[in-house]
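Taking it in order: structure first as structure tokens, then the write-up.
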Amino acid sequence: MYEEFYGLTANPFRLTPDSKFFYGSEGHRKAMSYLKYGLYQGEGFIVITGGVGTGKSTLVGQLFSELDGNDIVAAQIGTTQVDADDCIRLICNAFEIDVDTRDKGDLISAFEEFLIEQNQMGKRVLLVVDEAQNMPLRALEELRMLSNFNVGGQPLFQSFLLGQPQFLQTVAHKDLAQLQQRIIASYKLASMSAEETEQYIRHRLEMVGWQNYPAFKPEAFARIYDKTKGVPRLINTLSNRIMLFAALEEASEVDLTMVETVIEDQKNEEVVGEEEAAPVASSAAPASGDRLAKIERAVTVIARRLEKLEDRVTEHDEAVHELIDLAMKAYGGEEEDVAQLKQA
């Protein structure tokens, strides 16, 4: 909705990873350098860790967008809560290797044939494992053994492992000593700084045609950073709501008061959600005055948003009908035609 109001070509703060919006913060540039170093080496494992929402999946999307398909065949898996036997089947599916069997030995043989075929065509095979912290030890060891495939001493298969910080504890397990020896680089992706947070927001807005409308006040950027701590996913969520609020208010700038209002709205909604999710101890137990006040505020905020949305929809419909009238009159349309178009 706010995209139309502010003349933007798309939603700049979608949560779905999109390499077109990639912003190279210092941390993301370093992480990308480690991944490219791994590609240059052509063997071993690269491990990238980072908290939830720090941009690991976006990093993978950017890497894939830069890969030369003539040199590297790459695939990604994200469903990592599987046992060792399912791991190879998941990998075969990721590379679209057609194997009509559930036998592990046959799956491994099919994957080896695939690696050899790609090598004969001058290509290397790369697997990126997202959410690697969910992989069991046996599945990780399975990956390590698959990395042994080679032709004339040349490795045929390489893996990059991306996961949350606790994945480092998994990798350090004593049963993964051989995997540890194959890790050629590891990097922990941190959140963005306050300056990078502002640049990140500006970058995403500019990618969809933003021309400083609405203008963001410096204190608005500062408050967004303070609230999100520079985590990209949290920045996207908050900024998206701020833009929607600004459009509903038909504002030409985003200031501190507006950001605080949106943050307060979020808090109220969280309180309502917690109240709905909490078990009822007794139907006769009254809610506290403070909770009731918060719920009433949240209901008021939601009602006001709905009212504004309804007003915008009504205005839009009236404008469309007016355009139809003008167009039909200009081209000599009949009244029945006009009525049919309006009903449509």
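When the residues of segment 42-54 are filtered to those that are over 20 Å from the mean Cα position of the chain (by Cα) and assigned to a loop (DSSP other than H, G, I, E, B), which remaining residue is nearest to Leu234 (Cα to Cα)? Out of the qualifying residues, it is Gly44. When Ala222 is tested against (1) open to solvent by 30 Å² or more (accessible area, probe 1.4 Å); (2) at pLDDT below 95; (3) in a helix (DSSP H, G or I), only condition (2) is not met. Taken together, the residues in segment 55-104 that are part of a helix (DSSP H, G or I), open to solvent by 40 Å² or more (accessible area, probe 1.4 Å) and closer than 16 Å to Leu146 by Cα amount to 6.
Residue pairs whose Cβ atoms lie under 9 Å apart, separated by 6 or more positions or on different chains, with the first residue in segment 89-106 and touching a residue at least 24 places away in the same chain (Cβ under 8 Å) and the second in a helix (DSSP H, G or I) and open to solvent by 100 Å² or more (accessible area, probe 1.4 Å), do not occur. The single condition among (1) among the aliphatic types (A, V, I, L, M); (2) surrounded by 14 or more Cβ atoms within 10 Å (Cβ to Cβ); (3) part of a helix (DSSP H, G or I) that Ala177 does not satisfy is (2). Just give me the residues in segment 147-168 being surrounded by fewer than 21 Cβ atoms within 10 Å (Cβ to Cβ) and either in contact with a strand residue (DSSP E or B) (Cβ under 6 Å, 6 or more places away or on another chain) or farther than 16 Å from Asp71 by Cα (or both), in sequence order. Matches in segment 147-168: Ser147, Asn148, Phe149, Asn150, Val151, Gly152, Gly153, Gln164, Pro165, Gln166, Leu168.
Annotation: Leu39 fulfils all but one of (1) touching a residue at least 24 places away in the same chain (Cβ under 8 Å); (2) assigned to a helix (DSSP H, G or I); (3) farther than 30 Å from Gln181 by Cβ; the unmet one is (3).
Please enumerate the residues belonging to segment 22-50 that are within 30 Å of Ala215 (Cβ to Cβ) and surrounded by fewer than 22 Cβ atoms within 10 Å (Cβ to Cβ). Once the filter is applied, which keeps residues that are within 30 Å of Ala215 (Cβ to Cβ) and surrounded by fewer than 22 Cβ atoms within 10 Å (Cβ to Cβ), segment 22-50 yields Phe22, Tyr23, Gly24, Glu26, Gly27, Arg29.
The values are calculated or read from the model by the stated rules, or taken from the named source; none is laboratory data. Since the model is a prediction, treat every value here as computed from it, not as a measurement. Ideal geometry is used to build each Cβ from the backbone, glycine not excepted, and the neighbour counts take in all protein chains shown. Please note that ligands, DNA and RNA were not included when accessible areas were found on the heavy atoms of the full protein model with its side chains. Shrake-Rupley method; radii C 1.70, N 1.55, O 1.52, S 1.80 Å.
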